[in-house]
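A.B. asks: Before I ask anything, let me first share the structure, which is written out below as structure tokens.
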Amino acid sequence: MEHHYPIVVGAKQKILREKMPEVMKPNTETRALVKKMRKLMKQADGIGLAANQVGVPLRLFVAQVDKKFYAVFNPEIVKTSKEKALFEEGCLSLPSYFGPVERAQKVTLVGMDPYGKKLKITASGLLARVFQHEVDHLNGALFIDKAKEVYRYVPEKEK
């Protein structure tokens, strides 16, 4: 089945390779964007989506892990654990590409919520990985830049 989401696809897309500018102050427009991104992420079966993946040049990502939803403006990882974990990643902007990426097992992320309130979240496991993956997006990096190897998986029905 062919999906037509307005998600920017391709490792050479300029917006995916640039550092995104900070959001001065979240407003009704940026909150509407959060809603739109959350819907897109769900439709695409994703667990994280950065604003530049939908063509919007802002430091913002949404994520949903274990039924908990996060929308973080100007996210910054301020602390990472020494313990690392290797785990397979994929990306909505690189459909059918996967690869094992080594990332910190635990991170502390700071930023602001959609209403401009300061956030500080300490995450571990999958959530920590999602945070690192999305912050990479906002810095113009893709998981394929860090993956130990990258392979393509095309489901039988799509061949």
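A.B. asks: Helix-derived [θ] at 222 nm for the chain: sum -39500 (n - 2.57) over DSSP H runs of at least 4, divide by residue count, nearest 500? Display every interim value, and only then the final one.
C.D. replies: Details: 2 runs with 30 residues, N = 159.
Computed mean residue ellipticity for the chain: -6000 deg cm²/dmol.
A.B. asks: Still on this structure, I have one more. Treating the beta-carbon of each Lys and Arg as +1 and of each Asp and Glu as -1, no other charges, what is the dipole magnitude of segment 14-158 about its Cα centre, to the nearest 20 debye? Kindly include the intermediate steps, with their values, before the conclusion.
C.D. replies: Values: 26 positive and 17 negative charges, 115 e Å.
That gives a dipole near 560 debye.
A.B. asks: Calculate the spin-label point distance for Met24 paired with Ala141, positioning each point 7 Å from the Cα along the beta-carbon direction, and give it in nanometres.
C.D. replies: Computed distance between label sites Ala141 and Met24 equals 3.0 nm.
A.B. asks: Here's a follow-up. Could you calculate the contour length gain from Arg152 to Gln105, that is, 0.36 nm times the residue separation minus the distance between their Cα atoms, to one decimal place in nm? Display every interim value, and only then the final one.
C.D. replies: Values: separation 47, 0.36 × 47 = 16.92 nm, distance 2.55 nm.
Gain on extension, Arg152 to Gln105, equals 14.4 nm.
A.B. asks: For Arg31, Arg129, what ranking results if the residue with the fewest other Cβ atoms within 10 Å of its Cβ goes first?
C.D. replies: Working: Arg31 14, Arg129 23.
Lowest to highest Cβ neighbour count: Arg31, Arg129.
A.B. asks: Let me know the Rg and Dmax you get for segment 1-50 when you use only its Cα atoms, in Å.
C.D. replies: 12.7, 39
A.B. asks: Can you tell me which of 135-142, 110-117 comes out highest on packing, and rank the rest after it, using the mean Cβ neighbours within 10 Å? Could you put the intermediate results ahead of the total?
C.D. replies: Details: 135-142: 19.4, 110-117: 15.8.
Highest to lowest by the protection proxy: 135-142, 110-117.
A.B. asks: If R0 is 25 Å, what FRET efficiency do you get for Gln13 and Thr80 from their C-beta distance, rounded to 0.05?
C.D. replies: Working: r = 27 Å, r/R0 = 1.09.
After rounding to 0.05, the efficiency reads 0.35.
A.B. asks: May I pose another question? Pop a pseudo-label 7 angstrom from the Cα along the beta-carbon direction at both Ser124 and Val56 and give the gap in nm to one decimal.
C.D. replies: Going from the Ser124 label point to the Val56 one covers 3.3 nm.
A.B. asks: Which ³J(HN,Hα) values, rounded to whole Hz and listed in residue order, are derived for segment 83-88 from phi using the Karplus coefficients 6.51, -1.76 and 1.60 in 6.51 cos²θ - 1.76 cosθ + 1.60 with θ = phi - 60°, glycine and proline given as x?
C.D. replies: Those phi angles translate into 5, 10, 9, 9, 8, 5 Hz.
A.B. asks: Also: Over all directions, average the projected area of the Cα convex hull of segment 14-158 and note it in nm².
C.D. replies: On the way: hull surface 35.1 nm².
Convex hull of Cα atoms, orientation-averaged projection: 8.8 nm².
A.B. asks: Related question: Would you mind checking the pairs Lys12/Lys79; Lys39/Lys118; Lys67/Lys148; Lys118/Lys146; Lys19/Lys42; Lys12/Lys106 and listing those with alpha carbons more than 28 angstrom apart? Present the calculation step by step, with values, prior to reporting the outcome.
C.D. replies: On the way: Lys12/Lys79 30 Å; Lys39/Lys118 24 Å; Lys67/Lys148 30 Å; Lys118/Lys146 30 Å; Lys19/Lys42 25 Å; Lys12/Lys106 30 Å.
Those over the limit are Lys12/Lys79; Lys67/Lys148; Lys118/Lys146; Lys12/Lys106.
Readers should treat all values here as calculations from the given coordinates under stated rules, not as data from a laboratory. Just so it is clear, the model here is predicted, and its values are computed rather than measured. We place every Cβ from the backbone using ideal geometry, glycine too, and count neighbours over all the protein chains shown.
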